[in-house]
């Protein structure tokens, strides 16, 4: 079922490429470059899995929101790779956007994907109340109280070691909140009660931290060819491997994975089964 969901999403993405018609010679191609490069699609798949478990009849209408989430995530990667931030040369197995084109193009494409994600939500075939709630969630967790402050802290404290609680705060905001938001957005679309929405969100925070710890482990242990992105790039960063050591980071990942498995058992069977498939596919393979 997960492969079918991913296939539906990829087909929708390919049929709804981002359009900006003008006489600019490269901008149209640049808008879609990193989207077509692939990626895990982890965040949209989490959201689609929740909807598919509870209200599969809404799945087609929800593809608009899945694409919006992927646009916002892709914008964050494009900006994260910029010379002013990580100065990375490889992403999703392809040259980063500022390497393929130039820094100005990369900045503007990131800006465009960010704003267009909300345009997609605003024009999606869902009720107005649902659309407003989705915009509130994504703009908060993808904005100043989520991903942006996490990135700001990450850049500001580069070359400065911070304590574990601050490191967790950093990555909860930079990485985990958008993952948690994806789950909650699926819950809102599916009409789940407030408690279940909150439980899914909190589960997403733990999943997001696990995702980040595993990403730090990948940076330490994999080549660029294996990872499909620039690695060995966290030396000056506040990473879990730098703070805890490789063995400590692996132990933390394993402990958090067990916590996530226990939390998963609290959800109803359909939802648990859908999420378990995606988590095994996207997270646990790196343990």
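The values are calculated or read from the model by the stated rules, or taken from the named source; none is laboratory data. Every value quoted in this text rests on a predicted model; they were computed, and no experiment measured them. Cβ atoms come from the backbone with ideal geometry, glycine included; neighbour counts cover every protein chain shown.
Structural remarks
- Test for residue 85: is it on the phi < 0 side of the Ramachandran plot, under 19 Å from the mean Cα position of the chain (by Cα) and not in a helix (DSSP H, G or I): yes
- Those residues of the range 235-249 which are farther than 22 Å from residue 204 by Cβ and assigned to a helix (DSSP H, G or I), in sequence order: 241, 242, 243, 244, 245, 246, 247, 248
- Residue within the range 5-17 that is buried (at least 18 other Cβ atoms within 10 Å of the Cβ), modelled with pLDDT under 95 and either touching a strand residue (DSSP E or B) at 6+ places or on another chain (Cβ under 9 Å) or not in a loop (DSSP other than H, G, I, E, B) (or both) present: yes
- Answer from 237, 174, 166 - the residue that is modelled with pLDDT of 95 or more and either under 26 Å from residue 95 (Cβ atoms) or in contact with a strand residue (DSSP E or B) (Cβ under 6 Å, 6 or more places away or on another chain) (or both): 174
- Subset tally (residues that are closer than 19 Å to residue 212 by Cα and assigned to a loop (DSSP other than H, G, I, E, B)) for the range 127-158: 6
- For the range 42-82, a residue qualifies if it is crowded, with 20+ Cβ neighbours inside 10 Å and not in a helix (DSSP H, G or I), and exactly one does: 81.
- Any hit, the range 61-74, residues being closer than 22 Å to residue 141 by Cβ, out of contact with any strand residue (DSSP E or B) (no Cβ under 7 Å at 6 or more places or on another chain) and without any contact (Cβ under 8 Å) to a residue 40 or more places away in the chain: no
- Test: residue in the range 93-104 that is closer than 22 Å to residue 158 by Cα, touching a helix residue (DSSP H, G or I) at 6+ places or on another chain (Cβ under 7 Å) and crowded, with 18+ Cβ neighbours inside 10 Å: yes
- Applying the criterion of being out of contact with any helix residue (DSSP H, G or I) (no Cβ under 6 Å at 6 or more places or on another chain) and surrounded by 14 or more Cβ atoms within 10 Å (Cβ to Cβ) to the residues of the range 260-274, the residue that is modelled with the lowest pLDDT is 273.
- When the range 204-223 is limited to residues that are touching a residue at least 40 places away in the same chain (Cβ under 8 Å) and over 15 Å from the mean Cα position of the chain (by Cα), the one that is surrounded by the fewest Cβ atoms within 10 Å (Cβ to Cβ) turns out to be 218.
- Among the residues making up the range 103-119, those that are within 17 Å of the chain's Cα centre (by Cα) and free of Cβ contacts under 8 Å to residues at least 60 places away in the same chain are 110, 111, 114, 115, 117, 118.
- Residue 124 being surrounded by 14 or more Cβ atoms within 10 Å (Cβ to Cβ), at negative phi and not in a helix (DSSP H, G or I): yes
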